[in-house]
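Comments concern the structure below.
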Amino acid sequence: MNQPICYKTLQFAWFTGHVLTLLGTILYAVTVALFRSNTYFYKLAYFGALLSYGVVIYKSHGKPQPNANYARKLVMDENAQYLLLALFWFFSAPITVTLIPFFTFSAFHALGYVRTNIIPYVFPRPAAPAGGNETAPSSWQANVQEKIKSWTDKYYGAAMRFVAQSEVTVIAVRLILGLFRLNIVPIILFAQFLRFRYHLSTYTRQTFTELRVKLDALLLPPSADPRIPAVVTKAYTMAKGVITQFGNSIVQAQPATAQ
């Protein structure tokens, strides 16, 4: 017989964090669409992210320890980097697009928890008849679980590419525009984040490579439009060199997987 879900476990707290992120993001997006943005929902989404990522860090590395080894492990852990970002966004003025990665991750993790925990315990399958019947049709619970698994398996890779693309071409561009308001700290923090992501995530590396190829074809000879001013080509070449040098100036990366 299935045991009831324990609401005091770290796993349930992790799930709760993802649900809060999903709920907060959806409600905040609705208020923005209605031109009545409510920062409460924005902070609710990031509170959920802090809760879920905090649980992951605690389960992976234990209690915080004031030593170099513990700090080194956190630096190379993508979950710790997302936790730091969530903490910064929580205390900063709302930037809507920053919610995209957190919402995407939470959608997949919450679905996984619903499949493996909520459905079996809240909607247990009917007991098998005495003697067993191998030809009995599968229950609706099993069908729903299978559909969730099939959907998440099918779209997980595409979702991770979407996250990488949104971080590189949407969030980063939005933060760069903030430089016109002398909002420098977010772009510095996010540039450091992307530098680690480049070394730790194949999706991020692929996104940067695809972006570089497109911009090279657009701005550099021989394929560049001759009407493009030489100063633009020179500025792009210099910027690409600076970004490449910045991205390579990092300690040797170790494999890590985002939560």
### Query
With Asn67, Asn38 as the choices, which residue is without any contact (Cβ under 8 Å) to a residue 12 or more places away in the chain and surrounded by 15 or more Cβ atoms within 10 Å (Cβ to Cβ)?
Asn38
### Task
Output yes when any residue across region 84-99 is within 30 Å of Lys147 (Cβ to Cβ) and buried (at least 18 other Cβ atoms within 10 Å of the Cβ), and no when none is.
yes
### Query
Quick check, is Glu146 closer than 30 Å to Asn117 by Cα and not aromatic (Phe, Trp, Tyr)?
yes
### Summary
Given the conditions (1) charged (D, E, K, R); (2) without any contact (Cβ under 8 Å) to a residue 12 or more places away in the chain; (3) within 20 Å of Leu200 (Cβ to Cβ), every one holds for Lys59 apart from (2)
### Message
Quick check on Ser150: is it among the polar types (S, T, N, Q), under 18 Å from Pro124 (Cα atoms) and exposed (fewer than 11 other Cβ atoms within 10 Å of the Cβ)?
### Response
no
### Message
Quick check on Val32: is it in a helix (DSSP H, G or I) and within 23 Å of Tyr121 (Cα to Cα)?
### Response
no
### Task
Please find, among Thr233, Thr209, Thr237, the residue that is among the polar types (S, T, N, Q), more than 26 Å from Met76 (Cβ to Cβ), exposed (fewer than 14 other Cβ atoms within 10 Å of the Cβ) and at pLDDT 85 or above.
Thr237
#### Entry: region 104-122 residues that are under 20 Å from Thr25 (Cβ atoms), paired with ones that are aromatic (Phe, Trp, Tyr) and modelled with pLDDT of 95 or more (beta carbon under 6 Å, 6 or more apart)
Tyr113/Phe15
### Task
Only residues that are under 18 Å from Leu211 (Cα atoms) and buried (at least 17 other Cβ atoms within 10 Å of the Cβ): list them for region 175-189, please.
Leu175
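Matching residues to (1) at pLDDT below 95; (2) of a type outside the set (Val, Ile, Thr):
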position: Val97; (1), (2): no, no
position: Phe102; (1), (2): no, yes
position: Pro120; (1), (2): yes, yes
position: Pro124; (1), (2): yes, yes
position: Val144; (1), (2): yes, no
position: Trp151; (1), (2): no, yes
position: Arg161; (1), (2): no, yes
### Query
Can you name every residue in region 218-230 that is surrounded by 11 or more Cβ atoms within 10 Å (Cβ to Cβ) and either at pLDDT 90 or above or outside any helix (DSSP H, G or I) (or both)?
Leu220, Ala224, Ile228
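The values are calculated or read from the model by the stated rules, or taken from the named source; none is laboratory data. All values derive from a computational prediction rather than experimental measurement. Neighbour counts run over all protein chains shown; Cβ positions are idealised from the backbone, glycine included.
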